[in-house]
Amino acid sequence: MQQKPYRSSIMRTFGAAVTGSPSMSTRAGKDIITRDPQHPGSLGTAISEAVELAMTTPNCKYTLGSVLNHVALHQTIIGLEAEKQMAMAGEYPDVVVACFGGGSNFGGIAFPFMRHNLKDGRQTEFIAAEPESCPKLTRGEFRYDFGDEAGYTPLLPMFTLGHSFKPANIHAGGLRYHGAGMIISQLLKDGLMRGEDIPQLESFDAAMLFARTEGIIPAPESGHAIAAVIREAEKCKQAREQKVILFNLSGHGLIDMSAYEQYLNGDLMNYHISDADIAQTLKSVPE
C-alpha cells in the first residue's frame, strides 16, 4: 500500500477493502511483524497471508498469480501473440527479454520462442531481468524451498535466496520475490536462458528514456527489462552487428507515479546484497 498507493486507491474506488502485508490479520503476518516491526513486506509475505486466509476462511479460494507452472504456461498467450506479430513484421527475435519476479511474465513471452530453440535449432537468447537487490537467478542456489515466507507451501525445486530473504524496498513490487518458478529454474540450470541483475536507478533511467522516446510511461518492473534491452543494444553497437531484440512491456506506470516522483527528486537509491547476507538467508532453506 505504501509503495504503490494509487493501486490501493483504485481498488478502494471499486469497493475493495485493502490491507497491507504483512498485517496483524493472520498468524503469519503477526509472526513476521513480531520478528521485524519494520518489515517492508514482499511477495513471499503476501503469499503466506493469502494462503492462510484461504485455509481459514469458509468458501474462500486463492488464485495464484505467479511462480507455479500452470501460471507460467497460462501466460504463454503473450508469447504466442508476439510470435504472430513478429511473423507479420517479417522478423524473428535474436534476443527475448522480460523482467523477472516469480517467472510468469518472463515465461509467458519466452516459452513459445524457446520451443523453436529446442525443436528447430534456433539460437535465440533469453534474458530474465531481475533487480540487483533480489538476485535469485544470478546469485541464488538451486534448492528445494518454500514458495512463501511462513513455509505454508510445498517445497519447490527453485533457484532461491531463501524463503526468509527480505528484499530491499525497491519500487518494483512485482519483482521482490525470493525464488524463481520451477520451469524457469530448470531452464536456467540447463543453460537455456540467463539472468541479468539491474540496479534500481538504471531501471528508472531506462524507463525515463523509453517514456521520452515512445510516449509510454512503463511500470518500474518493466524498466528492468528495458535496461537489459539497452545493454544488449549497446553491445550490438560496439560489435557493429544487428540483432532483433524482443521484450515484454509488462505494464504501464501511471499508477506508479509516486515512485517516478521520488526518482525525479533524487530520493531513490541502489541496494546491493552482500554474499554474507545471502548465505545467512540460505540457512533457512530445508536440507
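Taking the C-alpha atoms only, the angle from helix 220-239 to the longest principal axis of the chain is near 30 degrees.
Taking only the alpha carbons of region 177-235, we obtain Rg and Dmax values of 13.5, 38 Å in that order. Relative to the globular-protein estimate of 2.2 N^0.38 Å, the Cα radius of gyration of the chain stands at 1.00. In plain terms, the bigger the Kirkwood radius, the slower the diffusion; for region 51-101, with that radius from Cα pairs, at 4 °C and 1.567 mPa s, Stokes-Einstein puts D at 93 µm²/s. Along its principal axes, region 101-203 has C-alpha extents of 42, 35, 20 angstrom, given from the largest down. Considering only Ser104, Ser25, Ser222, the Gaussian network model of the chain with Cα springs below 10 Å gives its largest mean-square fluctuation to Ser25.
Pairwise inverse Cα distances across region 144-200, averaged and inverted, put the Kirkwood hydrodynamic radius at 12.3 Å.
Please list 81-89, 111-119 highest first by mean number of surrounding beta-carbon atoms within 10 Å per residue.
111-119, 81-89
Taken over region 209-287, the convex hull of the Cα atoms encloses 200 Å³ per residue.
Rolling a 1.4 Å probe over the heavy atoms of the protein chains gives the chain an accessible area of 50 Å² per residue. Rounded to whole Å, the principal axis extents of the Cα atoms in region 1-134 read 54, 32, 28, largest first. Shape index of region 67-156: Rg/Rh, with Rg the Cα radius of gyration and Rh the Kirkwood radius from the inverse mean 1/r over Cα pairs, equals 1.03. Bridgeable lysines around Lys235 (alpha carbons under 21 Å apart, same-chain partners fewer than 8 residues away excluded): Lys243. Per residue of the chain, the DSSP helices (runs of n ≥ 4 H) give a summed -39500 (n - 2.57) that works out to -13500 deg cm²/dmol at 222 nm. Compared with the dominant Cα axis of the chain, that is its longest principal axis, helix 77-88 is turned about 10°. With 27 Å as the limit, the listed pairs Lys4/Lys30; Lys4/Lys61; Lys119/Lys237; Lys61/Lys84 have Lys119/Lys237; Lys61/Lys84 beyond it between alpha carbons.
Couplings for region 34-48, taken from phi via the Karplus curve 6.51 cos²θ - 1.76 cosθ + 1.60 with θ = phi - 60°, read 5, 5, 8, x, 9, 4, x, x, 6, 4, x, 5, 5, 5, 4 Hz in order; Gly and Pro are left as x. Percent of Cα-Cα pairs per 5 Å bin, from 0 to the last occupied bin, for region 146-287, please list those. Final binned percentages: 2, 9, 15, 18, 18, 16, 13, 7, 3, 1, 0. Beta bridges from DSSP with both residues in the chain: antiparallel share about 40 percent, rounded to the nearest 5.
Carbon and sulfur atoms: what percent of the 1.4 Å accessible area of region 1-70 do they account for? The value for region 1-70 is 56 percent carbon and sulfur by accessible area.
The values are calculated or read from the model by the stated rules, or taken from the named source; none is laboratory data. This structure is a prediction, so every number in the text was calculated from the model and none was measured. So basically every Cβ, Gly included, is an ideal-geometry build from the backbone, and we count neighbours across all protein chains shown. When the accessible area is computed, the model is the full protein with side chains, heavy atoms only, and any ligands, DNA or RNA have been set aside. Shrake-Rupley method; radii C 1.70, N 1.55, O 1.52, S 1.80 Å.
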